[in-house]
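Report on the structure given below.
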């Protein structure tokens, strides 16, 4: 079932995905990474159900990255 998402919601989901990925990448090897992996899977599934793929996904990633830079400035 495809769910309608507001563009801002999709950008926020992508920002959460990016942050979770960074957190997982920086995690020490001796600490459990299962929770981070599960969160990535869940966020990926939500984005897929929203119909985001291909060029739309690339544009969403660029927009999320730009928004993070804008908020940090």
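No value in this document is a laboratory result; all are computed from the given coordinates. The structure displayed is predicted, hence computed values, not measured ones. Using ideal geometry, Cβ is built from the backbone for each residue, glycine included, and neighbour counts are taken over all protein chains shown.
For the chain, the 222 nm mean residue ellipticity estimated from helices alone, with every DSSP H stretch of n ≥ 4 adding -39500 (n - 2.57) and the total spread over all residues, rounds to -25500 deg cm²/dmol.
Summarising the label geometry, the points placed 7 Å from Cα in the beta-carbon direction at residue 26 and residue 7 lie 3.0 nm from one another.
Against the chain, whose longest principal axis comes from its Cα atoms, helix 7-26 is set at around 20 degrees. Given that just one value was derived from the coordinates, which of (1) 100; (2) 188; (3) 89 is volume of the Cα convex hull per residue in Å³? Of the labelled values, this structure produces (3).
Helix 54-72 and the long axis of the chain differ in direction by around 70°, with both axes built from C-alpha atoms.
Relative protection proxy for 46-53, 8-15, from highest mean packing down: 8-15, 46-53 (other beta-carbon atoms within 10 angstrom). For the chain, the longest principal axis of the Cα atoms and the long axis of helix 34-49 meet at an angle of about 10 degrees.
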